[in-house]
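See below for the structure under consideration.
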Amino acid sequence: MGRGTPLIALALLALLAAGAMGMWLTFTLTHVLLTLAIAGLVGWLADVVVPGELPYGWLGAVAAGLAGGWLGTLLVGNVGPALFGVPILPAFVGAALLAVAVELVGKSVTRRS
C-alpha cells in the first residue's frame with residue numbers, strides 16, 4: 001500500500017456520494033414533474049366536464065388539479081387510486097368544484113362590468 005491509497009479511497013467515496021446525491025435529485029425532480037403532469041391532466045378533465053373555461057390555460061389546469069386534490073381529499077377523503085401522490089377521484093371532484101366556482105365568480109364579475 002502506498003501513501004496515496006487513503007486519498008484515492010476518499011476520492012472514490014466522494015464520487016460515490018456525489019453520484020448518489022445526483023440520483024436522488026433526479027428521481028425527486030422526476031417525481032415532481034410527474035405529479036404536476038397528473039395534476040394537470042386531472043384539472044384539464046375537470047375543465048372539459050364543467051361548462052366554461054379555466055383561466056390561464058394549462059397552468060390553470062395544473063393549479064386546479066393540485067388545489068382540487070387537496071380540496072377533494074378534505075371533502076371526500078383519500079379514496080380510489082393515486083398516481084405520484086395525486087389521489088385521482090378526490091382531485092377530480094375538487095378540481096370540478098373549483099372550475100364551477102371559477103366559472104360562477106367569473107360570470108358575476110363580468111355582469112358588474
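For region 27-35, does any single residue satisfy the condition of being part of a helix (DSSP H, G or I), without any contact (Cβ under 8 Å) to a residue 12 or more places away in the chain and farther than 25 Å from LEU89 by Cα? Before you say what the answer is, go through the steps one by one.
Restricting attention to region 27-35, the residues satisfying the condition of being part of a helix (DSSP H, G or I) are 27-35.
Pick out the ones that are also without any contact (Cβ under 8 Å) to a residue 12 or more places away in the chain and you get 27-30, 32-33.
Subset that is farther than 25 Å from LEU89 by Cα: 27.
The answer is yes; a qualifying residue exists.
Looking at the structure I just gave you, is GLY60 modelled with pLDDT under 90, surrounded by 14 or more Cβ atoms within 10 Å (Cβ to Cβ), part of a helix (DSSP H, G or I) and under 10 Å from the mean Cα position of the chain (by Cα)?
The answer is no for GLY60.
Failed condition for LEU75, given (1) in contact (Cβ under 8 Å) with a residue 24 or more places away in the chain; (2) within 17 Å of VAL100 (Cα to Cα); (3) exposed (fewer than 14 other Cβ atoms within 10 Å of the Cβ); (4) not charged (D, E, K, R), with all others met?
In the conditions (1) in contact (Cβ under 8 Å) with a residue 24 or more places away in the chain; (2) within 17 Å of VAL100 (Cα to Cα); (3) exposed (fewer than 14 other Cβ atoms within 10 Å of the Cβ); (4) not charged (D, E, K, R), LEU75 misses (1) alone.
If you check GLY69, GLY40, GLY94, GLY22, which single one turns out to be in a helix (DSSP H, G or I), at pLDDT below 90 and crowded, with 19+ Cβ neighbours inside 10 Å? Quick ask: steps written out before the conclusion?
On the way: GLY40 fails: at pLDDT below 90; GLY94 fails: at pLDDT below 90; GLY22 fails: crowded, with 19+ Cβ neighbours inside 10 Å.
From the options GLY69, GLY40, GLY94, GLY22, the qualifying one is GLY69.
For the structure I just gave you, tell me whether GLY80 is touching a helix residue (DSSP H, G or I) at 6+ places or on another chain (Cβ under 6 Å), surrounded by fewer than 16 Cβ atoms within 10 Å (Cβ to Cβ) and either at positive phi or touching a residue at least 24 places away in the same chain (Cβ under 8 Å) (or both). Break it down stepwise before answering.
Working: touching a helix residue (DSSP H, G or I) at 6+ places or on another chain (Cβ under 6 Å): yes; surrounded by fewer than 16 Cβ atoms within 10 Å (Cβ to Cβ): yes; either at positive phi or touching a residue at least 24 places away in the same chain (Cβ under 8 Å) (or both): yes.
Yes; evaluated as a whole, the condition is true for this residue.
Does region 73-83 contain any residue that is in a loop (DSSP other than H, G, I, E, B) and of a type in the set (S, T, N, Q)?
Taking region 73-83 first, the residues in a loop (DSSP other than H, G, I, E, B) are 77-81.
When the remaining residues are screened for being of a type in the set (S, T, N, Q), the result is 78.
Among the residues of region 73-83, at least one is in a loop (DSSP other than H, G, I, E, B) and of a type in the set (S, T, N, Q), which makes the answer yes.
Give region 45-57 a look and list any residue that's charged (D, E, K, R) and either assigned to a helix (DSSP H, G or I) or over 16 Å from GLU103 (Cβ atoms) (or both), or say none.
Residues of region 45-57 charged (D, E, K, R): 47, 53.
Scanning region 45-57 gives a single hit, ASP47.
The values are calculated or read from the model by the stated rules, or taken from the named source; none is laboratory data. Note that the structure is a prediction, hence the values are computed from the model and not measured. In this analysis, Cβ positions are derived from the backbone assuming ideal geometry, glycine residues included, and neighbour counts consider all displayed protein chains.
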